[in-house]
1. Based on what the data block shows, is Ile89 under 10 Å from the mean Cα position of the chain (by Cα) and not in a loop (DSSP other than H, G, I, E, B)?
2. Of everything in segment 12-22 that's more than 15 Å from Ile69 (Cβ to Cβ) and surrounded by 13 or more Cβ atoms within 10 Å (Cβ to Cβ), which residue is modelled with the lowest pLDDT?
3. Filter segment 23-78 down to the residues that are among the aromatic types (Phe, Trp, Tyr) and either surrounded by 15 or more Cβ atoms within 10 Å (Cβ to Cβ) or touching a Phe, Trp or Tyr at 6+ places or on another chain (Cβ under 6 Å) (or both) and list them by number.
4. Is one or more of the residues making up segment 59-74 within 24 Å of Ser99 (Cα to Cα) and touching a Lys or Arg at 6+ places or on another chain (Cβ under 7 Å)?
Amino acid sequence: FGTSKVWLVHLNTPGKGSIEIDLLDILLIYGFVGVFLTYGHFIRILFVNIKYRRLNPYSKYTGFLILLILLISLTAGHVFYSGVGGPIISAVLAVTFYSIQNENNI
């Protein structure tokens, strides 16, 4: 389940710093369960996006943005747990479940 935030105490000593990569930070703090839950959620949303691509006119764009978010999080830190990026990421995930049927009230 990870070492919680105890490892941050050791990294904050002078001369050392945080890893600043989301995958490794989540792995060290929450363990494999945390990585599975975090990245699994985004991968599940991506599969839902692919499955219902005919009902959603924006599925190409949201699929690309989800892949982009995943790739950026593998190279940079504080992507998933960003206060600035959080509302934008949630908006992208919400558009994934938009469909034309919602507009026609069917």
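1. Details: under 10 Å from the mean Cα position of the chain (by Cα): yes; not in a loop (DSSP other than H, G, I, E, B): yes.
So Ile89 passes the test.
2. First, the residues of segment 12-22 that are more than 15 Å from Ile69 (Cβ to Cβ): 12-20.
Checking the rest, the ones that are also surrounded by 13 or more Cβ atoms within 10 Å (Cβ to Cβ) come to 18-19.
Details: Ser18: 59, Ile19: 69.
Among those that are more than 15 Å from Ile69 (Cβ to Cβ) and surrounded by 13 or more Cβ atoms within 10 Å (Cβ to Cβ), it is Ser18.
3. Listed by number, the residues that qualify are Tyr30, Tyr39, Phe42, Tyr58.
4. The answer is yes, given that some residue of segment 59-74 is within 24 Å of Ser99 (Cα to Cα) and touching a Lys or Arg at 6+ places or on another chain (Cβ under 7 Å).
The values are calculated or read from the model by the stated rules, or taken from the named source; none is laboratory data. Just so you know, these numbers come straight off a predicted model, no measurement behind them. Every residue, glycine as well, gets a Cβ built from its backbone with ideal geometry; the counts of neighbours run over all protein chains shown.
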